[in-house]
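The values are calculated or read from the model by the stated rules, or taken from the named source; none is laboratory data. Owing to the predicted nature of the structure, the values given are computational and were not obtained by experimental measurement. So basically every Cβ, Gly included, is an ideal-geometry build from the backbone, and we count neighbours across all protein chains shown. Just so you know, the surface numbers come from the protein's heavy atoms only, side chains and all, with ligands and any DNA or RNA stripped out. Shrake-Rupley method; radii C 1.70, N 1.55, O 1.52, S 1.80 Å.
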Amino acid sequence: MNLEEKVNQQMKDAMKAKDQAALRALRAIKSEILLFKTSGASKELDDATEIKILQKMVKQRRDSASIYAEQGRDDLATTENEEIEVISQFLPKQMDEQELDSFVGELVAELGASSMKDMGRVMGEANKRLAGRAEGKMIAAAVKSRLSI
């Protein structure tokens, strides 16, 4: 069952349960999938593309939630956070900081990186291997801390 089928099934369940937050997020996911399909992109909607779309959606909502919280609009921030929870269900399990740090340590040793000059090479490889399992900011912080030691 691909992402679109899962979303459609959960939309039906959310409608039956009258879960407006879940329904809002699921409709947003479906909208992004349809936008990708009709964008004329020659690529198929594979797992990696699905993960990128979902990560982008989560990042947008996190940014919006932080802006709303700064401006004292907790009602809107809550809405964004509810949508983040629903969208995150479709992403692979996220690594915690300890797992990420040990992974980056192994990767740095494997690539023979020793200074900040090697950061681009390490980041590129880490982003490939950790697609969907860690945010870019977290990966960058872990790599910086490993290479600056």
Reachable aspartates and glutamates from K43, Cα under 17 Å, same-chain residues fewer than 8 places away excluded?
E4, E32
Accessible-area value, D74, 1.4 Å probe, nucleic acids and ligands omitted, Å²:
100 Å²
Quick check on region 4-113: take the gyration tensor over C-alpha atoms, sort the square-rooted eigenvalues as a ≥ b ≥ c, and tell me if it's rounded (a/c under 1.5), prolate or oblate.
oblate
Note down the net charge around Y68, summing +1 for each Lys or Arg and -1 for each Asp or Glu among other residues with Cβ under 9 Å from its Cβ.
-3
Heavy-atom accessible area per residue of the chain, all protein chains kept, 1.4 Å probe, expressed in Å², is 63 Å²
Run the numbers on region 31-101 and let me know its relative contact order in percent, using alpha-carbon pairs under 8 Å that are six or more apart.
29 percent
Under the rule a/c < 1.5 gives rounded, and otherwise a/b versus b/c splits prolate from oblate, where does region 71-149 land using the Cα gyration tensor?
prolate
Relative contact order %, the chain, counting alpha carbon pairs below 8 Å whose residues are six or more apart:
21 percent
Where the accessible area of the chain is counted over protein heavy atoms with a 1.4 Å probe, how much of it, in %, is carbon and sulfur?
50 percent
In the neighbourhood of S102 defined by beta carbon distances under 14 Å, the net charge of the other residues (Lys, Arg +1; Asp, Glu -1) is -3
Distance cut-off 30 Å, Cα to Cα: go down the list K16/K128; K12/K137; K12/K52; K30/K144 and report the pairs above it.
K16/K128; K12/K137; K30/K144
Could you give the angle, 0 to 90 degrees to the nearest 10, between helix 3-17's Cα long axis and the longest principal axis of the Cα atoms of the chain?
50 degrees
